[in-house]
Amino acid sequence: MEEFHKVRRLPPYVFEQVNRLKASARAGGADIIDLGMGNPDLPTPKAIVDKLCEAVQDPRTHRYSSSKGIPGLRRAQAAYYARRFGVKLNPDTQIVATLGSKEGFANMAQAITAPGDVVLCPNPTYPIHAFGFLMAGGVIRSISVEPDETFFPPLERAIRHSIPKPIALIVNYPSNPTAQVASLDFYKDVVAFAKKHDIVILSDLAYSEIYFDGAPPPSVLEVPGAMDISVEFTSMSKTFSMPGWRIGFAVGNERLVAALTRVKSYLDYGAFTPIQVAATHALNGDGSDIAEVRNVYKRRRDVLVESFGNAGFQIPAPAATMFAWAKIPEKFRHLGSLEFSKLLVEKADIAVAPGIGFGEMGDDYVRIALVENEHRIRQAARNLKRFLSTADETMHNVISLNAHR
């Protein structure tokens, strides 16, 4: 039978090919070190879990919750933005709780997109940035991901040559997958550009607290006037090691937040109330939980860069996020990221995310997630070294699947 229209519009989910190979290898007894999916392995801090357990004892919390988020949670998010970014938010009109930033992004696309609307999206980028708008009937025009002066000339061309004129610009810093960090001066230029061309800014700030070097990453909402045209998405998944809890936020422009809130009101009743209570407790904490998570990822980053470098795979040290974005070694680059990722599973018992899964501009790279402990990362490096040292003898008959296309 023919695929449904919206499903047909979605490109193949390339990560699934690596996942199948990984599952098959494990079924055969292989010890696969999984550095692919950005699924935090750190436990949620005990105080947050204890607050959940306390709240769940109250039968009143077992009823339907609020799709918009309970008032205390929205107030806690407003207080966090005031402390961290110096940004004042109205909890009633400028904040909506989401089931993670991914759901928030997808439903924002549903809220603001008419069939054929053009959205400017970085390439490579986190898949939901593009897929959310594709599922909503929109059209994606790819732009550069570099947060510097090279970002704007291609953006100007995209504006001039897009019919109809784009409705939105997506920015994602610290970037998933590239780990690049934007400056406040860059955001000032982005806001000026968006205002000049009458487009909205959708900022994904999910990794605001996972940074290692220099100043904390800024929010686009710190720019004067950004609130007029911008919504920003954050998540508690990585910051507090709460990925399965599914709590995030969209904050910013009242009209955009209201549109998302209205769409969500038709689709869900919000997260389970005890989860929202526990998330409120987390946001109102002293920040020590965040600092510990950051320190763990920094230690893992340092071990990854050193041990993989010694194994022959040079990886630039990411300044932020829980990922490294690594260019495929030159002798394997002709294979493309998907085939190279498969080789790592088959020959080195390592799973990584192929860069092509984040857009065609990522095909020379793989994303490596810091989701295993330091011992396991060093083991992965030893596996990698054995593979690379014998590759010339064992890889002579391997060709890219794209070679004959």
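Would you say Phe152 is open to solvent by less than 20 Å² (accessible area, probe 1.4 Å) and of a type in the set (Phe, Trp, Tyr)? So Phe152 does not fit the description; no.
Within the range 307-326, being farther than 27 Å from Ser237 by Cα and open to solvent by 40 Å² or more (accessible area, probe 1.4 Å) holds for Asn310, Gly312, Gln314. Residues being out of contact with any helix residue (DSSP H, G or I) (no Cβ under 8 Å at 6 or more places or on another chain), open to solvent by 40 Å² or more (accessible area, probe 1.4 Å) and either among the hydroxyl-bearing types (Ser, Thr, Tyr) or assigned to a helix (DSSP H, G or I) (or both) are entirely absent from the range 218-229.
If the condition is being over 20 Å from the mean Cα position of the chain (by Cα) and part of a helix (DSSP H, G or I), then the range 267-282 contributes Leu267, Thr273, Pro274, Ile275, Gln276, Val277, Ala278, Thr280, His281, Ala282.
Looking at the range 102-203, the helices (runs of 4 or more DSSP H) lying wholly inside it that each contain 3 or more residues that are under 22 Å from Ala250 (Cβ atoms) and modelled with pLDDT under 95 sit at 127-135. Before we move on, is Lys6 open to solvent by 100 Å² or more (accessible area, probe 1.4 Å), in contact (Cβ under 8 Å) with a residue 60 or more places away in the chain and basic (Lys, Arg)? Yes; evaluated as a whole, the condition is true for this residue.
Scanning the range 39-59 for residues that are of a type in the set (D, E, K, R) and at pLDDT 95 or above, we see that the one that is nearest to the chain's Cα centre (by Cα) is Lys46.
Annotation note: of Gly244, Gly252, Gly214, the sole residue that is at pLDDT below 95, over 15 Å from Gly38 (Cβ atoms) and of a type outside the set (Phe, Trp, Tyr) is Gly214.
Checking every residue in the range 365-385 against the condition of being in contact with a Leu (Cβ under 6 Å, 6 or more places away or on another chain) and among the small types (Gly, Ala, Ser) gives at least one match.
Take the residues of the range 194-203 that are open to solvent by 10 Å² or more (accessible area, probe 1.4 Å) and in contact with a strand residue (DSSP E or B) (Cβ under 9 Å, 6 or more places away or on another chain): which is farthest from Met242 (Cα to Cα)? Per the stated criteria, the residue is His197.
The values are calculated or read from the model by the stated rules, or taken from the named source; none is laboratory data. In this text, all values refer to a predicted model and were calculated from it rather than measured experimentally. Glycine also receives a Cβ, built like all others from the backbone with ideal geometry; neighbour counts cover every protein chain displayed. All accessible areas refer to the heavy atoms of the entire protein, side chains included, with ligands and DNA or RNA removed. Shrake-Rupley method; radii C 1.70, N 1.55, O 1.52, S 1.80 Å.
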